[in-house]
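J.: The following block contains the structure, expressed as structure tokens.
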Amino acid sequence: MKNEVEQLKYNTKLFLQRKRRKRLEQGHPWVFQSEVERIEGELSQGQIVQIVNHQGVFLALGYANPKSQIIARVLSYHPDEMVDASFFIRRIQQAKEYRHRFLPGVKSYRAIYGEADFLPGLIVDKYEDYLVVQILSYGMERLKPYILEGLLTVFKPKGIYLRNDVPVRELEGLQQETGIWYGEVPRHVEITENNLHILVDVYEGQKTGYFFDQRENRAALKPLMRGWGEKGTEGAEVLDCFSHTGGFAIHAAHYGAKEVTAVDISELAIETAKRNAELNGLEDRIQFEVANVFDFLREKEKEGRQYDVVILDPPAFAKSRSAVKGAYRGYKEINLRGMKLLREGGFLITASCSYHMTPDLFVQMVQDAASDAHKILRPVTFVGAGKDHPEIAGVDEGHYLKFAIYEVRSRG
């Protein structure tokens, strides 16, 4: 395979259009079909190619997929770099060192975050001594032997599990698949996050099993969980919507909440959430509900129920640009109803993981919801994903998570 890559590396060049927007020079790792002026040499799926400007000046090396709208994804900015096992060992080691710098002592984290770690189409989550891998593109699929060698060399895991059960693979001409790639991997792995014990369902959990991107945001609950009641000495009453496996709920209880209601439509997720509460001795303060959140919020509003803190961390409502209008209505409804369920001076914690719901649009949605609910907001924080989800400046596609905390007061 190494000889094959060496031969293909220089045979084909993608010449970019003269009048294109200079996105690649600004760090964007994708080349679209519409940006290519001509192709010099033969081009096949997964092939390593040179990406050059209209004058033939070298810009980057990338792997190509002529069947995709993204015809090439950047792997390197050095013309003499070999894309082999040593390449992956270097990149994976760099990614590991980045995490250890910003998350010292943490053993479970997003280890490889695709384009942001200069390994487009590759996602790796580390759960203690095990790795869960998603390969999202044809180019990366072709490089699997090198990826495996790099992961084994750098992390020395007990086992690696493939979660290639994502529809985007089919768009790349790949089949969906799951299964053990190396060693042995148990279905459930216990990890530690912010001194709490979390059970992760590696085989069936959403995405790769757990959402590391909210690690720091879950820790941000701490100052909101105490100081309630008439005397300001009680723990908070918290409603956690779209609770999934209970990440926010158990953090809320751990930080001192008096009572937490965790709601999710998935029975499987709620069962795992209950186990997580038991692992941390918090089951007496968390009530779990399997319900549609939209219906649940309406019911609690009719009952006149109120909380000190409402958490809204829904799945992506807008998975495409065309879905944004409908998603906006959905986000607005849950935020409006969440605000109405808050006691005076309570806190709304709200998030969106939809890339197409831009930060500006998200803020506008929250403000529109507040206006309709006759509320005034004081922003406490507005951030994105955690340190193990780096971003490349100018690559808007990487800025998908919006997380905000607002103090909510009545207007009139």
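The values are calculated or read from the model by the stated rules, or taken from the named source; none is laboratory data. These numbers were taken from a predicted model, which means no experiment stands behind them. Cβ coordinates were reconstructed from backbone atoms using ideal geometry, including for glycine residues, and neighbour counts include every protein chain displayed. Surface areas here come from the heavy atoms of the whole protein model, side chains and all, with no ligands, DNA or RNA. Shrake-Rupley method; radii C 1.70, N 1.55, O 1.52, S 1.80 Å.
J.: Quickly run through region 290-331 and pick out the residues that are surrounded by fewer than 18 Cβ atoms within 10 Å (Cβ to Cβ), part of a helix (DSSP H, G or I) and at pLDDT 95 or above.
T.: Selection gives F294, D295, R298, E299, E301, K302, E303.
J.: Report yes if some residue within region 203-216 is in contact with a His (Cβ under 8 Å, 6 or more places away or on another chain), under 23 Å from V133 (Cα atoms), open to solvent by 10 Å² or more (accessible area, probe 1.4 Å) and not in a loop (DSSP other than H, G, I, E, B); otherwise report no.
T.: Checked against the condition, which is being in contact with a His (Cβ under 8 Å, 6 or more places away or on another chain), under 23 Å from V133 (Cα atoms), open to solvent by 10 Å² or more (accessible area, probe 1.4 Å) and not in a loop (DSSP other than H, G, I, E, B), region 203-216 yields at least one hit.
J.: Residues being assigned to a helix (DSSP H, G or I) and open to solvent by 40 Å² or more (accessible area, probe 1.4 Å): count how many of those fall in region 149-171.
T.: 6
J.: Continuing with this model, one more query. Looking only at region 78-94, filter to residues that are modelled with pLDDT of 95 or more and open to solvent by 20 Å² or more (accessible area, probe 1.4 Å); which one of those is farthest from the chain's Cα centre (by Cα)?
T.: The extreme case among them is S86.
J.: Continuing with this model, one more query. Using the structure shown, decide if I376 is surrounded by 17 or more Cβ atoms within 10 Å (Cβ to Cβ), out of contact with any Phe, Trp or Tyr (no Cβ under 6 Å at 6 or more places or on another chain), at pLDDT 90 or above and in a strand (DSSP E or B).
T.: no
J.: Please determine, by comparing only the residues of region 217-246 that are in contact with a strand residue (DSSP E or B) (Cβ under 7 Å, 6 or more places away or on another chain) and assigned to a helix (DSSP H, G or I), which one is farthest from D313 (Cα to Cα).
T.: Per the criteria, the residue is L224.
J.: I'd like to know if region 134-147 contains one or more residues that are modelled with pLDDT of 95 or more and in a strand (DSSP E or B).
T.: Looking for residues that are modelled with pLDDT of 95 or more and in a strand (DSSP E or B), one finds at least one in region 134-147, hence yes.
J.: Go through (1) closer than 29 Å to Q364 by Cα; (2) touching a residue at least 60 places away in the same chain (Cβ under 8 Å); (3) not hydroxyl-bearing (S, T, Y) for N276 and report which single condition fails.
T.: (1)
J.: Which one of these is among the hydrophobic types (A, V, I, L, M, F, W, C) and in contact with a Cys (Cβ under 8 Å, 6 or more places away or on another chain): V200, V263, V238?
T.: Unique residue meeting the criteria: V263.
J.: With I123, I112 as the choices, which residue is within 17 Å of W181 (Cβ to Cβ), open to solvent by 10 Å² or more (accessible area, probe 1.4 Å), among the aliphatic types (A, V, I, L, M) and not in a helix (DSSP H, G or I)?
T.: The match here is I123.
J.: Can you confirm whether L131 is free of Cβ contacts under 8 Å to residues at least 40 places away in the same chain, surrounded by 21 or more Cβ atoms within 10 Å (Cβ to Cβ) and touching a Phe, Trp or Tyr at 6+ places or on another chain (Cβ under 7 Å)?
T.: It is true that L131 is free of Cβ contacts under 8 Å to residues at least 40 places away in the same chain, surrounded by 21 or more Cβ atoms within 10 Å (Cβ to Cβ) and touching a Phe, Trp or Tyr at 6+ places or on another chain (Cβ under 7 Å).
J.: I would also like to ask the following. I need the full set of residues from region 95-109 which are under 18 Å from E193 (Cβ atoms) and open to solvent by less than 40 Å² (accessible area, probe 1.4 Å), in order please.
T.: Within region 95-109, R99, L103, V106, S108, Y109 meet the criteria.
J.: Write out, first by first residue and then by second, each pair whose Cβ atoms fall under 8 Å of each other, whose residues are 6+ apart or on separate chains, and whose first residue, in region 280-307, is on the phi > 0 side of the Ramachandran plot while the second is open to solvent by less than 40 Å² (accessible area, probe 1.4 Å) and among the acidic types (D, E).
T.: none
J.: Still on this model: Output the residues belonging to region 379-399 that are touching a residue at least 60 places away in the same chain (Cβ under 8 Å), in a loop (DSSP other than H, G, I, E, B) and not small (G, A, S).
T.: Those that are touching a residue at least 60 places away in the same chain (Cβ under 8 Å), in a loop (DSSP other than H, G, I, E, B) and not small (G, A, S): K387, D388, H389, P390, E391, I392, V395.
J.: Right, something else. Consider only pairs whose beta carbons are under 6 Å apart and that are at least six residues apart or on different chains; among these, list those whose first residue lies in region 101-122 and is small (G, A, S) and whose second residue is part of a loop (DSSP other than H, G, I, E, B) and open to solvent by 10 Å² or more (accessible area, probe 1.4 Å).
T.: Hits for this filter: S108/E128; A116/P390; A116/E391; A116/I392; G121/L136.
J.: Can I ask one more? Could you please find all residues in region 332-344 being part of a strand (DSSP E or B) and open to solvent by 10 Å² or more (accessible area, probe 1.4 Å)?
T.: Within region 332-344, R343, E344 meet the criteria.
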